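Here, each number is a calculation from the coordinates, and none is a lab measurement. Because the structure is predicted, anything quoted here is derived from the model rather than measured. When we count neighbours, we look across all protein chains shown, and the Cβ atoms used for this are built from the backbone with ideal geometry, even at glycine.
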Amino acid sequence: MANLPALLQNPEFLDAAAKPSQWPEGGVEVAFAGRSNVGKSSAINTIMQRKKLARTSKTPGRTQQIVFFSLSEKQRVVDLPGYGFAKVPIAVRKDWEKYIGFYISSRQNLKGLVQLMDVRHPLTDLDKQMLMWCTDIGLPVHIMLTKADKLKFGAAKNTLLKVAKQIEELGADCTLQLFSSHKNMGVDDCRQQLLTWLSNPDE
């Protein structure tokens with residue numbers, strides 16, 4: 001586990017919650033959110049150096065519950081249901097969005113949101129909606145542009161700069177990076193952000 005911070009070395013599945021009454025009490029947590037096909041589960045597994053911690057699937061939209069992983073007794077990482085996948089029934093998708101929205105807006109334990117976007121298709125309408133929602137309630141956001149290995153480095157860097165400019169124009173206050181699970185690109189940057197948000201669980 002070289003270079004893996006101590007806090008992230010022993011993640012454990014805690015619960016898959018279908019309703020707020022099942023959410024863990026106390027402590028602090030960071031949530032991962034994004035469209036259903038951005039590689040969210042793969043990113044969580046890469047960051048934690050665990051191949052099968054978060055479920056991955058060739059069928060986007062598989063995760064339909066809020067999944068909690070414990071890092072310690074008072075620190076957690078949360079995998080939110082993917083949003084915006086067209087093949088999910090509309091009624092189900094609306095229920096997910098309502099559930100995610102309630103979690104983000106009401107969860108006092110939530111210290112930050114890692115928002116994943118495909119570097120080839122960043123800032124979709126749903127991405128902007130999520131970003132501005134968090135901005136409006138004062139929740140810090142760290143954006144990861146995933147699948148950066150799919151572009152040449154120059155093109156990926158140009159996309160990063162373009163997205164940074166668009167975020168500034170939107171008035172959103174967040175941090176931004178390139179990421180690739182396949183190439184382990186940007187992993188340490190995300191780990192550092194997690195440690196920053198989770199460092200004071202007793203506050």
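Using every pair of alpha-carbon atoms in the chain, split the distances into 5 Å bins beginning at 0 and state the percent of pairs per bin, rounded to integers.
Spelled out bin by bin, the chain gives 1, 7, 17, 21, 22, 17, 10, 3, 1, 0 percent.
Scan segment 117-181 for trypsin sites (Lys or Arg not before Pro) in coil per DSSP, keeping those whose Cβ has at most 15 other Cβ atoms within 10 Å, and list them by number.
Qualifying residues, ordered by number: Arg120, Lys152.
Provide the percentage of antiparallel DSSP beta bridges, counting only those with both residues in the chain; round to the nearest 5.
Bridges in the chain that DSSP calls antiparallel: roughly 30 percent.
For labels at Ser21 and Gln166 in the simple 7 Å Cα→Cβ model, what's the distance in nm?
Simple spin-label model gives 4.2 nm for this pair.
With 26 Å as the limit, write out which pairs from Lys98/Lys147; Lys111/Lys183; Lys52/Lys183; Lys52/Lys74; Lys51/Lys165; Lys98/Lys157 have Cα-Cα distances beyond it, or answer none.
Those over the limit are Lys98/Lys147; Lys111/Lys183; Lys51/Lys165; Lys98/Lys157.
For His182 and Gln108 in one chain, what is 0.36 nm times their gap in residues minus the Cα-Cα distance, to one decimal in nm?
Extra length from His182 to Gln108 when fully extended: 23.3 nm.
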